[in-house]
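What follows is one structure encoded as structure tokens, with my remarks underneath.
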Amino acid sequence: MNKKLNRQIINFMNSVGWYISMEYGVEYNRMWHNEEFLNNTLYDFIGSYYMGGNTVPDTARYVVELILMKHNGQA
């Protein structure tokens, strides 16, 4: 992956993280900042939504659903 696309995905991830902290609250924000979860799962997950042309609010909703599934042992 080239550096420009990598930078764009990271900027999009930062926007999604900010949106989650503002819209969904402290508990989801804490789970979002779990370094293992962030590094192993979210970069590819959010990158696919970014490449698919999704918006920050939609992607944040999908991330929250993923967090809930991981927390409940479903994913």
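The values are calculated or read from the model by the stated rules, or taken from the named source; none is laboratory data. Just so we're clear, the structure is a prediction, and the values are computed from it rather than from any experiment. Ideal geometry is used to build each Cβ from the backbone, glycine not excepted, and the neighbour counts take in all protein chains shown.
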Among the candidates S15, S21, S48, which residue alone is in a helix (DSSP H, G or I), within 16 Å of L68 (Cα to Cα) and modelled with pLDDT of 85 or more?
-> S21
Quick one: is R30 over 23 Å from K4 (Cβ atoms), in a helix (DSSP H, G or I) and modelled with pLDDT of 90 or more?
-> no
